[in-house]
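These notes are about the structure you will find just below.
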Amino acid sequence: MSTTAPKLELGRVGEIVPRADGIPKVTGEFAYSSDLNAAGMLWGHTLRSPHSHARITGIDLSAALAAPGVHAVLTHEDVPGEKLYGLEFQDQPVLAVDRVRYYGEPVALVAAEHPEQARRAAELIRVDYEPLAPIADAETATEQEPLHPDRPTMGHGYRDDPRPNIVRSLVIRHGDPDVEADVSVSGVYEVGIQDQAFLGPESGLCVPDGEGGVDVYVATQWLHVDRDQVAPCLGLKPEQVRIHLAGVGGAFGGREDLSMQIHGSMLALHTNRPVKIVYNREESFVGHIHRHPAKIWMEHRATRDGKLVNVRVRILLDGGAYASSSTAVTSNAASFACGPYQVDNALIESLCVYTNNPPCGAMRGFGAVQVCFAHEAQMDKLAAALDIDPIELRLLNALQSGDTMPTGQTIAGTLPVAEVIRRAAALPVPEQEELPRDPLRLPGGSGNTTRGEGVKRGVGFAVGFKNIGYSEGFDDYTAARVRLDADGSAEIHCAAAEVGQGVAGVILQVARTELGTEDVTLAPHTTATVGSAGSASASRMTWMASGAVRDACRAALEERDRNGGGAVDVERIYRHPRTSPLDPETGQTTGERSHVAYACAAMRVVAEVDVELGLTRIVWIGTAQDVGKAVNPQAVTGQIEGGAAQGLGLALMEEIQTRDGLITNASFTDYLIPTTLDMPPVVSELVEHPDPDAPYGVKGVGEPPTVVSTAAVVSALRVATGRELTRVPVRPDDIVGL
Amino acid sequence: MFGMRIWLRVNGEPVEADIWEGESLLYVLRERLGYPGSKNACEQGECGSCSVMLDGKLVCACLVLGAQADGHEVVTVEGLSEDGRLHRVQEAFVVAGAVQCGFCTPGLVVAAADLLQHRPDPSDDEIREALSGNLCRCTGYAKIFDAVRLAAR
Ligand code: FES
Ligand code: FES
């Protein structure tokens, strides 16, 4: 099909530029990872555990092998190389060996000619399980039998905690954590399990190369770290495994861990045929990691005039069965536990445990979401106790550049906390709408059968912040390669994963800016032609890709000048300022910084609650966000609106429900995400103070809106109802019958 | 696994396919007929990413059997642009920044085109209601509303 593009202006850094992939996405031509096909292709299917904890005593494949259309049935015995993999620690079996530790853990694989044949054959695999008592309660996990007796997360430089089932135990001691003050408020807060619920299900195509290697076309967030986990499990050299980015239908952290990459490759290499695997929605819900559920105890001590003196925090995160990226989530939750406020004394204990609940790892906001909900509830509570305006209280304590974090790190870059508070607070909120009105605009929408008699309104406020980039000494870099042709055109190679956030556009804008030409194309993202870009996570990709592409473009121009013209091809690696580990005993930074940089956001929310029916309506969201420098303002506001929606979802409706570790709502019928009827208008103010350490001053923008919006929505419900609301998602029972 | 042969029209073209009776129209379009534009986000009627027009009616292709489409007329997102020009809804989605990952986009574009065909100048509430069966996880919908308003103008 040929289509004529609307006339698009090619832009540079700072301009509004329509997405290069926009047209193929609106016409249906864009190839997502589930859209791929190859001649002779088979369909793979994964048999998963129906138990959250069980011993495997036997597996009988004979009936499955004899089923029509089946080409392979594989178990852990067929894993050619390492049997375990993992993002940080190798603690997760490619296929369960003698024990399953979570509901949905992969046990066996089938390849067949038709997906239904593969599913039916998988049902014929007989697995004998001996159920074991699941560890379903994170609070008692450290008193149970160890799920991982060889303690894979110990001895890696983190604080050694001898109790069983510790993923990470971190203590930050800052100033004098015993110091008293005039006033103290405390609370216990809980956050349910949230799911990334990206719309494009896990999927990909694995194609054997005929020489023992494999090409994997997959939707992922970090091509090179996939390769580095896949190759050892296949018993192959890294260059024998080429990972290519297929179209990604959203990620939000949920594609940091592997899904079908090793499984599809095993089936492809075994059958010597291309193999495609596509999860359905239920399998997607059980097949990937989630946001950590948390229980958080907080005490804030302050002077009578509202200055924070001491904050004491205990955080418990349920990591589920395998470690994934839990250690970094544990540390992030601790780092941001006090919020974007200057606090001279603090004691922060952050603990993540193994259980038989669904494994948890990265999701947008990464530990900061959970603690923001808690610290902002505390700030509202403190304001009430002191009879100070909640916004004034936040301004009084706002963190700024040059201040010291509880980890001892001095904030070197920009962090305009007071400014985002002032600008969000200054946004005019809409007038209350008259009653009666169209039920579509009542809490609960057209399901609301009243005339609105029980409607109460509240205006809430919250502030949050988060780090940008990988922390604690991780060698974080991004490679970019630039090929300048003799005719002046340029081709950019960068493995930065375009997951929908728009990094492909950022790369093109930077290249146009640096090269001074519009004749720039972006080559396919692959491990085959360029070095690692690192992960599309931690709000880092814009910063890192901008740095790498800028440096490579400048180097290419210099080389062309040296050569007096002609074609050049250069690759450059960009690193952000170095970070250092936290001291394992004190939680203090062992160098100049443990986090690279920070970004903050403030949000004001208007909510209505029907206190007779327990229904809510979010009327309006206004926010001001510290973005450093907006590379593409339209894409930035898009991130803010989408990020706010995900935080609203956690506040009001999104929770993975479990019983003894079994997920009971793995569908979009039972796990609800915000629809067009749930989302209000979002007014976004971009606060631009370029960060001195960042290329063009850019900061990541994806996470701060998600960090702050859950807290801000609940703050508005709290004002409307007068209830404490210490758990998200807020349930109808929590707000009904005042 | 071929149980039957069906004949239908997709985007105006007559096509035929050998299918297994249990296959959804979505599967038949995507895997048998080479129209992968309609998306498979849930395959259980909850997300709208598979929205197509069946005999002029908006349906979730995952909820219709391929066999039910035998002898019928289907229009997918691939069939919206005419004479090589984007449909005005498609163009508005690009210009308004309503596309991020884009996985919801084909379904939303088809649903929005259907809305504007019946209501050329919908109110904001009508837009919200008409698109409430189409989930988007990336955008928070603000720019999708902008796009529909832009296309309606
Ligand atoms: S795929 Fe058909 S409604 Fe979701
Ligand atoms: S743009 Fe990603 S789901 Fe809508």
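Would you say B:Ala151 is more than 16 Å from ligand 2 (Cβ to nearest atom), of a type in the set (Gly, Ala, Ser) and more than 7 Å from chain A (Cβ to nearest Cβ)?
Yes: the conditions hold for B:Ala151.
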Among (1) more than 14 Å from chain B (Cβ to nearest Cβ); (2) open to solvent by 40 Å² or more (accessible area, probe 1.4 Å), the one test that A:Gly287 misses: (2)
In the range B:13-67, residue farthest from the other protein chains (Cβ to nearest Cβ) [restricted to those that are more than 16 Å from B:Gly79 (Cα to Cα) and among the polar types (S, T, N, Q)]: B:Ser24
Condition check for B:Ser51: more than 16 Å from ligand 1 (Cβ to nearest atom) and hydroxyl-bearing (Ser, Thr, Tyr): no
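Return the residues of the range A:333-349 that are in contact with a helix residue (DSSP H, G or I) (Cβ under 7 Å, 6 or more places away or on another chain), surrounded by 24 or more Cβ atoms within 10 Å (Cβ to Cβ) and more than 21 Å from A:Gly647 (Cβ to Cβ); say none if nothing qualifies. Spell out how you get there, then give the answer.
Looking only at the range A:333-349, we keep the residues that are in contact with a helix residue (DSSP H, G or I) (Cβ under 7 Å, 6 or more places away or on another chain), and these are A:333, A:336-342, A:348.
Cutting the leftovers down to surrounded by 24 or more Cβ atoms within 10 Å (Cβ to Cβ) gives us A:333, A:336-340, A:348.
Listed by number, the list holds a single entry, A:Ile348.
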Of all residues in the range A:231-258 being away from ligand 2 (no atom under 16 Å from the Cβ) and touching a Phe, Trp or Tyr at 6+ places or on another chain (Cβ under 7 Å), the one that is nearest to the other protein chains (Cβ to nearest Cβ): A:Glu256
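Does B:Ala61 satisfy the criteria of being without any contact (Cβ under 8 Å) to a residue 40 or more places away in the chain, open to solvent by less than 10 Å² (accessible area, probe 1.4 Å) and assigned by TED's automatic domain parsing to the domain that holds B:Ser24? Walk me through it before giving the result.
On the way: without any contact (Cβ under 8 Å) to a residue 40 or more places away in the chain: yes; open to solvent by less than 10 Å² (accessible area, probe 1.4 Å): yes; assigned by TED's automatic domain parsing to the domain that holds B:Ser24: yes.
Answer is yes for this residue.
State all residues of the range A:183-204 that are outside any strand (DSSP E or B) and either within 14 Å of chain B (Cβ to nearest Cβ) or touching a Gly at 6+ places or on another chain (Cβ under 9 Å) (or both); if no residue qualifies, say none. Full working, then the answer.
So in the range A:183-204, the residues outside any strand (DSSP E or B) come out as A:192, A:195-202.
Of everything in the range A:183-204, those that are outside any strand (DSSP E or B) and either within 14 Å of chain B (Cβ to nearest Cβ) or touching a Gly at 6+ places or on another chain (Cβ under 9 Å) (or both) turn out to be A:Asp195, A:Gln196, A:Ala197, A:Phe198, A:Leu199, A:Gly200, A:Pro201, A:Glu202.
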Selection within the range B:27-48 - more than 6 Å from ligand 1 (Cβ to nearest atom), touching a helix residue (DSSP H, G or I) at 6+ places or on another chain (Cβ under 7 Å) and hydrophobic (A, V, I, L, M, F, W, C): B:Val28, B:Leu29
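So that you can scan it fast, the table gives a plain yes or no per residue for (1) under 9 Å from the mean Cα position of the chain (by Cα); (2) among the hydrophobic types (A, V, I, L, M, F, W, C); (3) within 16 Å of ligand 2 (Cβ to nearest atom):
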| site | (1), (2), (3) |
| --- | --- |
| B:Gly45 | no, no, no |
| B:Gly66 | no, no, no |
| B:Val75 | yes, yes, no |
| B:Arg88 | no, no, no |
| B:Glu91 | no, no, no |
| B:Thr105 | yes, no, yes |
| B:Val110 | yes, yes, yes |
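Here is a yes/no grid of residues against (1) in contact with a helix residue (DSSP H, G or I) (Cβ under 7 Å, 6 or more places away or on another chain); (2) over 21 Å from A:Leu662 (Cβ atoms); (3) of a type in the set (A, V, I, L, M, F, W, C); (4) in contact (Cβ under 8 Å) with a residue 60 or more places away in the chain:
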residue	(1), (2), (3), (4)
A:Lys83	yes, yes, no, yes
A:Pro93	yes, no, no, no
A:Leu109	yes, yes, yes, yes
A:Glu113	no, yes, no, yes
A:Leu132	no, no, yes, yes
A:Asp137	no, no, no, yes
A:Gly155	no, yes, no, no
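The rows are residues; the columns are (1) at the interface with chain B (Cβ under 10 Å from one of its Cβ atoms); (2) part of a loop (DSSP other than H, G, I, E, B).
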residue	(1), (2)
A:Thr637	yes, no
A:Ile640	yes, no
A:Asn665	no, yes
A:Phe668	yes, yes
A:Leu672	yes, yes
A:Thr675	yes, yes
A:Met679	yes, yes
Matching option when the condition is under 24 Å from A:Thr637 (Cα atoms) and either more than 14 Å from chain B (Cβ to nearest Cβ) or open to solvent by 10 Å² or more (accessible area, probe 1.4 Å) (or both), among A:Gly531, A:Gly547, A:Gly488, A:Gly500: A:Gly547
Subset of the range B:100-143 [among the aliphatic types (A, V, I, L, M) and either more than 7 Å from chain A (Cβ to nearest Cβ) or open to solvent by 10 Å² or more (accessible area, probe 1.4 Å) (or both)]: B:Leu108, B:Val110, B:Ala111, B:Ala112, B:Ala113, B:Leu115, B:Leu116, B:Ile127, B:Ala130, B:Leu135, B:Ala142
Every residue from the range B:132-153 that is closer than 22 Å to B:Glu78 by Cβ and either within 13 Å of ligand 1 (Cβ to nearest atom) or free of Cβ contacts under 8 Å to residues at least 12 places away in the same chain (or both): B:Gly133, B:Asn134, B:Leu135, B:Cys136
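Select the helices (runs of 4 or more DSSP H) contained entirely in the range A:206-325, then report the ones holding at least 3 residues which are closer than 30 Å to A:Asp660 by Cα.
Details: elements: A:223-234, A:261-271, A:281-287.
Output list reads A:261-271, A:281-287.
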Count of the range A:437-485 residues which are open to solvent by 10 Å² or more (accessible area, probe 1.4 Å), under 30 Å from A:Thr616 (Cα atoms) and part of a loop (DSSP other than H, G, I, E, B): 7
Which numbered condition B:Gly84 fails, given (1) under 21 Å from B:Gly34 (Cα atoms); (2) open to solvent by 10 Å² or more (accessible area, probe 1.4 Å); (3) at pLDDT 95 or above; (4) within 7 Å of chain A (Cβ to nearest Cβ): (3)
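Just give me the residues in the range A:23-37 being in contact (Cβ under 8 Å) with a residue 60 or more places away in the chain and more than 7 Å from chain B (Cβ to nearest Cβ), in sequence order.
Keep residues of the range A:23-37 that are in contact (Cβ under 8 Å) with a residue 60 or more places away in the chain, which gives A:30-37.
Correct list: A:Ala31, A:Ser33, A:Leu36, A:Asn37.
The values are calculated or read from the model by the stated rules, or taken from the named source; none is laboratory data. Every value quoted in this text rests on a predicted model; they were computed, and no experiment measured them. All Cβ positions, glycine included, derive from the backbone under ideal geometry; neighbour counts span all protein chains shown. Note: accessible area is taken over every heavy atom of the protein model, side chains too, but ligands, DNA and RNA are not part of it. Shrake-Rupley method; radii C 1.70, N 1.55, O 1.52, S 1.80 Å.
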